[in-house]
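FYI, it's all coordinate maths here, none of it is from the lab. Remember, predicted model here, so these are calculated numbers, not experimental data. Please note: Cβ atoms are built from the backbone with ideal geometry, for glycine as well, and neighbour counts cover all protein chains shown.
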Amino acid sequence: MSESPPMMCGGTRAPEPANKEVQDICDEMKPKVEDETGKTYNVFKAKTYASQTVAGTNYFIKVHVGGEDHVHLRVYRPLPHQGSAVKLVGVLEGMSHDEPITYF
């Protein structure tokens with residue numbers, strides 16, 4: 001069994017398959033993404049993600065939104081003691097399944 005590389009503050013980890021925690025973040029962000037893009041998504045399935053530890057965590061998430069279409073989300077989760085909600089920072093539309101997740 002291989003171990004994940006250690007988290008480095010400021011460094012973005014390599015992309016990995018989405019898990020329940022990431023899908024839960026996407027489910028919470030879906031209405032905000034729909035507001036941002038002006039679209040309604042019948043499919044909103046997290047596929048892969050990369051994370052970056054800062055004063056909280058940045059998530060860069062590839063989300064399948066139907067057909068061949070994907071969006072990339074940048075979501076910020078503050079540290080628990082900050083008491084702030086998860087925040088949608090950015091959305092990249094028109095992405096494909098093969099587009100790599102990058103910092104944006």
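Which of the following residues is surrounded by 12 or more Cβ atoms within 10 Å (Cβ to Cβ), aliphatic (A, V, I, L, M) and either within 17 Å of residue 103 (Cβ to Cβ) or touching a strand residue (DSSP E or B) at 6+ places or on another chain (Cβ under 9 Å) (or both): 43, 33?
Every option except 33 fails the conditions.
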Within the stretch 84-101, how many residues turn out to be closer than 17 Å to residue 53 by Cα and more than 13 Å from the chain's Cα centre (by Cα)? 2
Can you tell me which residue within the stretch 80-101, out of those that are exposed (fewer than 12 other Cβ atoms within 10 Å of the Cβ) and touching a residue at least 24 places away in the same chain (Cβ under 8 Å), is farthest from residue 26 (Cα to Cα)? 82
